[in-house]
Amino acid sequence: MQGRGVTVEERPIDRIENEADVLLSDRRRLPFAGLFTATRCVPASPLPAAMGCALDETPMGLQIRTDAAQETTVPGVFACGDAASLPHSVSLAVGSGAMTGIHIHRSLVWPER
């Protein structure tokens, strides 16, 4: 990143003022023309944790851990979409849900697999 002239700022952001002025915890102001931000997601329900599903902390928030078939660490429990994958996107979540449905169906029809 240094080769591209990118500076990594280690200080926490205290607040954002005006349109895109970043005030750091050491009181420095970094003016920008614009900011790109991303929200952090967490499961909307405590159910996955209460059931014993492993959760992973990611840069985008808390996610339910799943395998390639979208099965959680609790056998027979599946998760998909933003709750279980990155990046958060409506179209990717819809596709994830469709594929997870296929895996759930397979697990019910051929449970020994």
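Any read-out appearing in this document is the output of simple, stated calculations on the displayed coordinates, not a laboratory observation. Computed from a predicted structure; not experimentally measured.
In order along the range 45-52, phi translates into HN-Hα couplings of 10, x, 4, x, 5, 5, 7, x Hz, rounded to whole numbers, per the Karplus curve 6.51 cos²θ - 1.76 cosθ + 1.60 with θ = phi - 60° and x for Gly and Pro.
From helices alone, the chain scores -7000 deg cm²/dmol at 222 nm; the rule is -39500 (n - 2.57) for each run of n ≥ 4 DSSP H residues, then divide by the residue total. Applied to the range 9-21, the Karplus parametrisation 6.51 cos²θ - 1.76 cosθ + 1.60 on θ = phi - 60° returns per-residue 3J(HN,Hα) values of 9, 7, 5, x, 7, 7, 6, 10, 10, 6, 7, 7, 8 Hz, with x for Gly and Pro.
Computed from backbone phi, the HN-Hα couplings of the range 69-86 come to 9, 6, 7, 6, 6, 9, x, x, 10, 10, 9, 8, x, 4, 5, 10, 8, 10 Hz, rounded to whole numbers (Karplus: 6.51 cos²θ - 1.76 cosθ + 1.60, θ = phi - 60°; Gly and Pro given as x).
Overall form of the chain: prolate. Here a/c, set by the Cα gyration tensor axes a ≥ b ≥ c, is 1.5 or more, and a/b is the larger of a/b and b/c.
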